[in-house]
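Read through the structure below, which is laid out as structure tokens, and then see the notes.
The values are calculated or read from the model by the stated rules, or taken from the named source; none is laboratory data. The structure displayed is predicted, hence computed values, not measured ones. Cβ atoms come from the backbone with ideal geometry, glycine included; neighbour counts cover every protein chain shown. When the accessible area is computed, the model is the full protein with side chains, heavy atoms only, and any ligands, DNA or RNA have been set aside. Shrake-Rupley method; radii C 1.70, N 1.55, O 1.52, S 1.80 Å.
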Amino acid sequence: MGADYLEVKVPATSANLGAGFDVFGIALDKPYDIIEVEKSDMLEIIATGRDAQFIPTEPEKNTAGRVAAGMGKKVRITIHRDIPLSSGLGSSAAPAAGVAFALNEMYDMGMSQEKLVRLAAKGEKVASRVEHADNVAPAIMGGFVIVHRQRIISLTPENIGVVAVHPDIIVSTRRARAILPKKLSLRDISFNTASAASMVVGIMKEDISLIGKSMENRKIEECRSKLIKGYRHVRKSAVNAGASGVTISGSGPTMLAVCDMGQREDIARAMEKAFSDSGVKSEAYLTTIGKGAEIIG
Ligand code: HSE
């Protein structure tokens, strides 16, 4: 389309869905960031909104700045942030994905979605040191994605109720990755493979019960749950309130429950109460699997 200015809406995302570590990701209908990109004579980053003071604005330290530099473009990028920082909801991925998507449109670059995901993943490496695409891929493509090296498969299930509860706890992706075991036993790999395979069937059939059960995983969640105060109580409360499954969103600390759309309110209140009982403030998003980046202005 070619333009000097674009405004893009980019969704929060949730990676892993339990057993699909660094492989599965979903786009969430909310929260989302708005990214403005304008042609300029220098590369510049401006951040506003939630947690804006913590977002690095030096282009080489910013995930979106890295993407623009990598694509060889000088633009002014304004990030209107609403996705909470270090939450496990893809806050570092959203600007990287949004800028890759916007530049492709602005400069008529004709890149495939897979190529844009690769470019955005390079930007996200600034935040987590590892080039994982399970947040940037759904942020660009929407729906549920499977990242298999260079190949990205996306599905678009509808009416999947999702509750994401973000506790007021800081967990950095770097730390949450560092505590994981370097190796898994064959039994654990077998269990996680079965869960991941069932998850794909659950998503294809839009079967909320199967999706929830398929979030069960070995080792990843067990290790990371130690970083989330109240984890067990929150998990149990969500299930008691009707969730078909609960897992840690990405590297945490947000906890994600899957349910029927109509059960979201009850589950959100139960999870918030459980965090509160554990002395942790939290904030719930009643959401669903949604669209990827889109131009809004
Ligand atoms: N797959 C990544 C991880 C996502 O779990 O570390 C980080 O948001």
task = Treating only the Cβ atoms of Lys and Arg (+1) and Asp and Glu (-1) as charged, compute the dipole magnitude of segment 199-297 about its Cα centre; round to the nearest 20 debye.
result = 440 debye
remark   = Rounded to one decimal in nm, the spacing of the 7 Å Cα→Cβ label points at Asp22 and Thr193 is 1.8 nm
task = Determine Rg/Rh for segment 1-135; Rg is computed over alpha-carbon atoms and Rh is the Kirkwood hydrodynamic estimate from the same atoms.
result = 0.94
remark   = On the formula 1/(1 + (r/R0)^6), with r taken between the Cβ atoms of Ser112 and Cys223 and R0 of 25 Å, the FRET efficiency rounded to 0.05 is 0.10
task = Please report, in debye to the nearest 20, how large the charge dipole of segment 34-189 is about its Cα centre when each Lys and Arg carries +1 at its beta carbon and each Asp and Glu carries -1 there.
result = 820 debye
inquiry  = Give the residue list of trypsin sites (Lys or Arg not before Pro) in segment 155-191 that are DSSP loop and have at most 15 other beta-carbon atoms within 10 angstrom.
reply    = Lys182, Lys183
message = So, for segment 161-288, what is the accessible surface per residue at a probe of 1.4 Å, expressed in square angstrom?
response = 48 Å²
ask   = Direction-averaged shadow area of the convex hull around the Cα atoms of segment 161-288, nm²?
value = 7.4 nm²
task = Report, ordered by chain and residue number, the aspartates and glutamates lying within cross-link reach of Lys281, taken as a straight Cα distance under 12 Å and ignoring same-chain residues fewer than 8 apart.
result = Asp168, Glu272
task = Step through the table entries Lys9/Lys219; Lys183/Lys236; Lys205/Lys229; Lys205/Lys291; Lys125/Lys273; Lys39/Lys115, compare each Cα-Cα distance with 26 Å, and write down the pairs that go over it.
result = Lys9/Lys219; Lys183/Lys236; Lys205/Lys229; Lys125/Lys273
Translational diffusion coefficient (Stokes-Einstein; Kirkwood radius from C-alpha pairs) of the chain at 4 °C, 1.567 mPa s, in µm²/s = 69 µm²/s
note = To the nearest 20 debye, segment 153-256 has a Cα-centred charge dipole, built from +1 on Lys and Arg Cβ and -1 on Asp and Glu Cβ, of 680 debye
note = At the level of C-alpha centres, the distance separating segment 47-99 and segment 130-193, in angstrom, is 20 Å
query = Looking at segment 71-129, which trypsin sites (Lys or Arg not before Pro) are in a loop (DSSP not H, G, I, E or B) and have at most 13 other Cβ atoms within 10 Å?
reply = Lys74, Arg129
remark   = Using eta = 0.692 mPa s and T = 37 °C, Stokes-Einstein with Kirkwood Rh from Cα pairs puts D for segment 20-85, in µm² s⁻¹, at 254 µm²/s
inquiry  = With a 1.4 Å probe and all protein chains left in place, how much of the accessible area of the chain comes from carbon and sulfur atoms, in whole percent?
reply    = 50 percent
